[in-house]
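Okay, structure first, notes after.
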Amino acid sequence: MVKLTSCMRISFCTVSLLLMVFLLRPAYANTDTAMSDGETMPSDGSADSFIVSKIKIEGLKRLPDGTLLNYLPVSVGDPMDEKQVIFSIKELYKTGFFTDVALFRDGTTLIVKVKERPSINEVTFTGNKDIDDDALKKALTGIGATKGQIFNRSLLDRLSQELQRVYFSQGKYGVKVKTKVTKLNKNRVDIAITISEGQVALIKHINITGNKVFSNKILLGELQSGIPSMWDFFSSKDKYSKPKLNADLETLRSYYLDRGYIKFAINSTQVSITPDKQDIYITINITEGQRYSISSSQLTGKMVVNKAVLKAQMLTKPGMIFSRQLMTLTEKRLNEQMGKIGYAFSKVKITPVINDKKRKVALTYQLIPGNKVYIRRIEIHGNDGTDDEVFRREMRLMEGSILASNRLKRSKIRIQRLPYVESVDIQTVPVAGTNNQVDLNVKVVEKLAGSFNIGAGFSQVQGLVFNVGITQQNLFGTGKRLSLNVNTDKANTIYSAAYTNPYYTLDGISRTLSFSYRNRNASRELINNFETSSGDVNIGYGIPLTEFNTLNLGYGYSHIRITPSTLNPSNDVTDFVNKNGSLFNSLTLNASFSHDTRNRTVFATRGIQHIIALKMTVPGSGLEYYKMSYLTKNFLPFTTNTTFLVRTNIAYGNGYGRNHELPFFERYFAGGIRTVRGYDSNSLGPRDPDTGLPIGGNLRVTGGIDYIFPIPFMEKPPSSLRLSGFYDIGNVFLDNKPTFNSTVDGFQFNQLRTSAGLSVVWISPIGPLRFSWAKTLNAKQGDNVRAFQFSIGSFF
């Protein structure tokens with residue numbers, strides 16, 4: 001076996017060095033020279049050149065032979081000479097797979113002998129707190145420092161530099177990175193990385209130069225970075241990070257462009273750090289330029305939508321100060337109008353013509369609708385426990401229909417509102433070979449739809465609570481709902497069952513069958529002294545009128561027996577029983593109208609809900625009365641992660657026919673964690689003059705404002721937990737009887753009680769858990785107040 005060359009063991013030999021070796025090698029004699037295999041070398045000096053008949057590989061342990069052969073620029077049948085040897089060795093070294101490469105020949109067999117570089121078995125991190133392992137590993141992917149990749153000593157320097165870059169971008173300039181390589185068997189290594197993160201460099205000063213129109217105070221108030229207020233103890237505003245600074249520069253640019261300064265420019269940004277790498281000083285140099293107004297705003301292109309409709313969507317008007325925000329919003333609105341009729345991939349090309357002399361901008365919006373797009377196929381993915389039909393019936397689009405953007409958006413919201421869906425994503429995939437067809441891939445992530453609960457809890461009002469029940473929101477994957485529950489506390493024992501078919505008819509009419517039986521001891525709820533035993537059977541239908549409006553109609557049968565307390569009975573109760581009796585059977589009618597645009601049914605973040613409801617007994621029933629209510633909830637997004645909720649709830653009831661008042665056991669109550677927090681549950685409103693206990697009212701007025709925000713210091717708060725600051729207002733009033741601490745009966749605005757505080761709601765496996773701390777703002781003498789209130793494991 002003759003060695004062709006082996007000079008390249010640790011690193012590349014230069015071509016000149018190889019040529020020197022070639023020139024200094026012993027010259028062959030003119031006579032024939034014997035080879036190891038018995039062959040002879042011709043005397044013409046061509047011993048170094050041969051035709052490769054076979055390639056043999058030695059030294060590979062991890063890589064397959066095919067990988068090496070793929071990079072080797074020589075195949076069987078190719079000639080092999082000195083130049084080809086040099087080129088082959090260079091190509092194999094270039095792969096980075098090997099620390100040593102040598103080529104030999106055995107007759108016409110080419111032997112490739114290599115030594116592999118080790119592979120990375122595992123990369124581990126210690127000491128990192130602010131950036132998790134997954135984020136660091138992702139950063140190392142780009143430089144090949146991940147499990148299974150080839151290890152090279154030079155990789156350690158790149159690894160340290162990349163990790164420092166990641167931490168520098170987060171403002172941690174004092175970070176230190178140490179690496180340790182441990183050799184393993186089978187030519188593998190482990191890389192252990194120890195990180196000392198250090199402290200985030202804090203911004204000590206930001207200076208903006210070149211601004212004349214807007215002061216530093218105004219501009220700095222727009223930035224996320226800066227110096228926090230003295231009272232803002234938990235602010236991270238002064239923590240420097242490069243991404244945050246880049247976002248601030250874009251905010252600054254947008255601020256000027258939205259106010260007509262088209263020529264605004266950021267000339268330079270200097271970031272200085274003190275020698276101890278703790279303090280940051282930032283200087284931003286800008287040129288404001290002149291302010292421009294809009295001279296004209298025109299619409300051109302193919303008008304696939306009525307031009308008057310399109311013009312109504314244009315927010316940039318002649319004479320207005322130019323605003324990039326309004327310009328891009330106009331572009332979006334024009335695209336939406338075309339998307340509604342199937343032009344899903346439409347474009348709007350904006351051409352601004354700037355007149356510097358007059359400081360005017362002429363805007364032209366050119367519509368490029370493209371082709372009308374149709375849906376070829378709708379595919380549902382991720383629905384392991386739910387039938388396809390359940391999701392398809394929520395889609396506002398069908399196979400073969402046009403791809404209307406507003407219907408696509410509504411389809412996603414309808415699926416998201418299903419109680420057994422965690423998240424949904426709808427992707428439009430163009431069909432290959434066509435320019436007007438797409439497939440819709442609906443990807444759902446399901447969440448637990450059924451539960452079997454046996455639990456206990458404690459509520460300040462209900463005392464010890466025990467519940468057992470089964471609830472299935474998605475019965476057998478059909479979307480139907482079944483619940484069977486037993487709930488007991490110190491005042492109530494309730495047995496209930498309900499079954500809902502959301503698509504009782506093909507056009508979306510729902511039907512609910514429900515049954516309940518309840519024993520109630522009202523005195524244990526700290527209200528009037530009486531006991532009731534009641535049962536109800538109801539049938540209800542939900543009729544969708546539009547996408548957001550639903551009419552609910554129902555009827556039922558109600559049975560109730562009243563037992564006044566034998567100990568200190570209330571005159572309010574005994575008078576009613578003496579006048580009307582204690583056993584009543586009634587037929588009931590129920591009707592409600594709802595308008596609901598919320599994005600979720602639980603923990604909504606945007607949208608409106610209005611519900612008007614009426615419940616009444618049929619004339620001739622044991623009792624003749626009616627109850628009406630009006631509920632509103634308005635969710636107003638304030639920032640990306642925060643929402644304002646404005647809510648009202650007004651309810652009124654009275655008797656009719658032979659009954660002249662609302663039965664006392666149907667009255668409304670207020671106070672407590674569900675109505676006006678900070679006051680004891682059911683404690684507000686009129687009281688019995690003899691017992692001093694609340695007796696409720698036939699009018700309840702409650703409302704309030706909530707500011708909903710995520711859990712502080714958590715990057716991804718759990719979706720089952722909600723925090724809010726709140727302001728509550730409300731009370732109950734009774735005809736012909738004054739409310740507590742008043743001498744006037746009926747509604748009085750100055751008798752509305754108010755409070756403010758903080759609230760936590762957690763949808764736990766055992767049910768909703770509510771905690772609140774409230775400060776009463778106008779409590780009257782004698783009001784029962786309670787700052788901290790909670791309810792755990794109870795039913796709502």
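Tabulated results
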{"read-out": "Percentage, to the nearest whole number, of Cα pairs in the stretch 630-781 over 23 Å apart", "value": "44 percent"}
{"read-out": "For S225, distant residues with modelled amide H under 5 Å away", "value": "none"}
{"read-out": "Cα-only radius of gyration and Dmax that characterise the chain, units Å", "value": "39.0, 139"}
{"read-out": "Helix-only CD estimate at 222 nm, as mean residue ellipticity for the chain, using -39500 (n - 2.57) per DSSP H run (n ≥ 4)", "value": "-4500 deg cm²/dmol"}
{"read-out": "Relative contact order, percent, the chain [alpha-carbon distance under 8 Å, six or more residues apart]", "value": "5 percent"}
{"read-out": "Relative contact order of the stretch 555-708, pairs being alpha-carbon contacts under 8 Å that are 6 or more residues apart, as %", "value": "17 percent"}
{"read-out": "J(HN,Hα) series, the stretch 261-267, from Karplus relation 6.51 cos²θ - 1.76 cosθ + 1.60, nearest Hz, glycine and proline x", "value": "8, 5, 8, 4, 8, 9, 6"}
{"read-out": "Shape of the stretch 693-763, Cα gyration tensor, a/c cut at 1.5", "value": "prolate"}
{"read-out": "Between the stretch 524-573 and the stretch 325-349, the alpha-carbon center distance in angstrom", "value": "51 Å"}
{"read-out": "Positive-end residue, the stretch 475-591 charge dipole about Cα centroid, Cβ charges, pick of V573, S533, N585", "value": "S533"}
{"read-out": "Overall form of the stretch 288-371 per C-alpha gyration tensor (a/c, 1.5; a/b vs b/c)", "value": "prolate"}
{"read-out": "Unit charges on C-beta of K, R, D, E only; dipole of the chain, Debye", "value": "2060 debye"}
{"read-out": "Whole-Hz couplings from phi, Karplus 6.51/-1.76/1.60, listed for the stretch 536-541; x for Gly and Pro", "value": "9, 10, 9, 10, x, 10"}
{"read-out": "Using alpha carbons only: equivalent-ellipsoid semi-axes of the stretch 191-349, gyration tensor based, whole Å", "value": "41, 22, 13"}
{"read-out": "Over 19 Å [Cα-Cα, the stretch 634-706], rounded percent", "value": "49 percent"}
{"read-out": "Rounded if a/c under 1.5, otherwise prolate or oblate - the stretch 591-695, Cα gyration tensor axes", "value": "oblate"}
{"read-out": "Normalised contact order of the stretch 347-439, rounded percent, pairs of Cα under 8 Å and 6 or more residues apart", "value": "26 percent"}
{"read-out": "Other-chain or far-sequence residues with amide H under 5 Å of R117's (modelled H)", "value": "F98, T99"}
{"read-out": "Phi to ³J(HN,Hα) by Karplus 6.51 cos²θ - 1.76 cosθ + 1.60 over the stretch 625-630, Hz, x for Gly, Pro", "value": "7, 9, 9, 10, 8, 9"}
{"read-out": "The stretch 166-239, Rg to Rh (Cα coordinates; Rh as Kirkwood inverse mean 1/r)", "value": "1.29"}
{"read-out": "Built amide H within the under 5 Å cut-off of D688, gap 5+", "value": "L693, I695"}
{"read-out": "Highest average packing first - 582-594, 362-374, 720-732, Cβ atoms within 10 Å", "value": "720-732, 362-374, 582-594"}
{"read-out": "Equivalent ellipsoid semi-axes - Cα gyration tensor, the stretch 470-613, angstrom", "value": "35, 17, 17"}
{"read-out": "Full-stretch length increase - V76, Y504 - with 0.36 nm per residue and alpha-carbon distance subtracted", "value": "146.7 nm"}
{"read-out": "Spin-label pair K302/R561, simplified geometry with 7 Å Cα→Cβ offset, distance in nm", "value": "7.7 nm"}
{"read-out": "Per residue solvent-accessible surface (Å²) - the stretch 245-391, probe of 1.4 Å", "value": "51 Å²"}
{"read-out": "Relative packing of 106-119, 175-188, which averages over residues the other C-beta atoms within 10 Å, highest first", "value": "106-119, 175-188"}
{"read-out": "Overall dimensions of the stretch 570-647 as given by Cα atoms, namely Rg and Dmax in Å", "value": "19.8, 59"}
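The values are calculated or read from the model by the stated rules, or taken from the named source; none is laboratory data. The shown structure was predicted, so the numbers you read here are calculated from the model rather than taken from an experiment. Positions of Cβ are backbone-derived with ideal geometry, glycine not excepted, and every protein chain shown enters the neighbour counts. These accessible areas exclude ligands, DNA and RNA; they are computed on the full protein's heavy atoms, side chains included. Shrake-Rupley method; radii C 1.70, N 1.55, O 1.52, S 1.80 Å.
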